[in-house]
Amino acid sequence: MEASADVLHVLQITDPHLLGDADGRLLGMKTRDTLDAVLDHVKTHYGQPDVVLATGDISQDGSDASYRFFQDRTAFFECPVFWFAGNHDVIPAMERAIGGTQSAERRYHSHGWQLIFLDSSVPDQVYGRLAEYELRLLDKFLSENPDEHALVCLHHHPIEIGASWMNSIGLRDHEAFFEVLERHPQVRGILCGHIHQTLDEESGGRRMLASPSTCVQFRPNSDEFSVDALPPGYRWLNLHPDGTIETGVERVEDEDFGLDVESDGY
C-alpha cells in the first residue's frame, strides 16, 4: 500500500468464524490458522491502514475466547478497528470484549468521509434485518453530515446475488434500507460480508461491495450451498477526496488449510 495523506485507506476483514477451541475447525479448516495467515499477508503485503472494519461473523460459536482471540490478533493495527455483528455472533459476548471501547462505535469520520456501521443481525436467525432504530440511526448520521462522502457497512447483503440459495438469508428489509439511502446522495458505497465471495457492482448509482472470508469461501452462481476452493482473503479500499472508491481483493495463496470441498453445509 502506498500511503497518501489525501486518501483514506480502509481494510476489511470479514467472516473469520472463530471458535473458542484453539483446534476448532469449520469444514476442515482451523479458522484461527486461516485468520493468522490472512493477517500475516496484510503485514507483509499491505501494511498499516487508516481504519480496519471487521464486518461480522467474527465468531462461529459466540464464545468469549473467540472474541478475545480476534482482539489479540488485531492488536498490531495502529489504527481503529471497528467490529459489528453477523448472524453467528453473540452480541452480549461481543460487548464483553469491546463494550465501551472505540471498536463498538457506530461511525467514523476522516478524510472527508463518514463510515457508518449498522447491526443487521437477528438473534437465532441467519437472515438479516435492520431494526427501526438502525434505520433511524442511519438517517440521522447521514442527515448530520451531508457534505461528507459516506460508506455504509453492514453484515448482510442488501441485494440479490448470483448464488440464489443466499438470497433468502440476505437483508430481508432491503427496501426500507434503500429508501433511507435515496434521501442521501452522498452515499458512495455499501460494504458487507456474509456471502463469503467477491462482489463489486453498481446498485442505484452506488458501489456495492462484498468480500472473501478469512476462512471458507462459497461458490458464486450456485443454486444450493456449495464450497469454493478459492483461498481466504481480505479487501482493501482507498477512499478518495472526490468520492471515488478504489478497491481490490487479496488472497492467501499456496497454503493448504484442509478445506472439505464436498461439504453440504455447516
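Take every DSSP beta bridge whose two residues both sit in the stretch 1-135; close to 45 percent of them are antiparallel. Between ASP223 and ARG251, the FRET efficiency estimated from the beta carbon spacing at R0 = 22 angstrom works out to 0.30.
Over all distinct Cα-Cα pairs of the chain, the Kirkwood formula returns a hydrodynamic radius of 18.4 Å. Extension gain, ALA104 to ILE91: 0.36 nm times the residue separation minus the Cα-Cα distance gives 3.6 nm.
Given charges of +1 on the Cβ of Lys and Arg and -1 on the Cβ of Asp and Glu, with all other atoms neutral, how large is the dipole of the stretch 8-251 about its Cα centre, in debye to the nearest 20? Can you show the working numbers first?
Numbers: 20 positive and 37 negative charges, 59 e Å.
Roughly 280 debye for the stretch 8-251.
Remark: LEU39, LEU171 ranked as LEU39, LEU171, counting other beta-carbon atoms within 10 Å and listing the fewest first. DSSP finds beta bridges in the stretch 92-247, and of those with both partners inside it, around 50 percent are antiparallel. Across the chain, Cα pairs under 8 Å and at least six residues apart give a relative contact order of 21 percent. Each DSSP beta bridge with both residues in the chain is either parallel or antiparallel, and the antiparallel ones are about 55%.
Of ILE58, ILE195, ILE98, the sequence from fewest to most neighbouring Cβ atoms within 10 angstrom is ILE98, ILE195, ILE58.
If N is the number of residues in the stretch 101-206, what value comes out of its Cα radius of gyration divided by 2.2 N^0.38 Å? Before the final figure, lay out each step's value.
Values: Rg = 13.5 Å, N = 106, 2.2 N^0.38 = 12.9 Å.
In units of the globular-protein estimate, the stretch 101-206 measures up at 1.04.
Remark: spin-label model distance LYS140-ALA22 equals 4.3 nm, labels positioned 7 Å along the Cα→Cβ axis. Legend: ranking of residues TYR266, TYR234, TYR127 from fewest to most surrounding C-beta atoms inside 10 Å; resulting order TYR266, TYR127, TYR234. An oblate overall shape is assigned to the stretch 120-266, the ratio a/c of its alpha-carbon gyration tensor axes (a ≥ b ≥ c) being 1.5 or greater and a/b not exceeding b/c.
Remark: the GLU201-HIS45 segment gains 53.6 nm on full extension, using 0.36 nm per residue and subtracting the alpha carbon distance. One chain, two ends: GLU182 and ASP36. Fully extended at 0.36 nm per residue, the span grows by 48.6 nm beyond their Cα-Cα distance. Distance from the C-alpha centroid of the stretch 1-66 to that of the stretch 109-145: 22 Å, rounded to the whole angstrom.
Any read-out appearing in this document is the output of simple, stated calculations on the displayed coordinates, not a laboratory observation. If you're wondering where the values come from, they're calculated on a predicted model, not measured in any experiment. Here the Cβ is made from the backbone with ideal geometry for all residues, glycine too, and neighbour counts use every protein chain on show.
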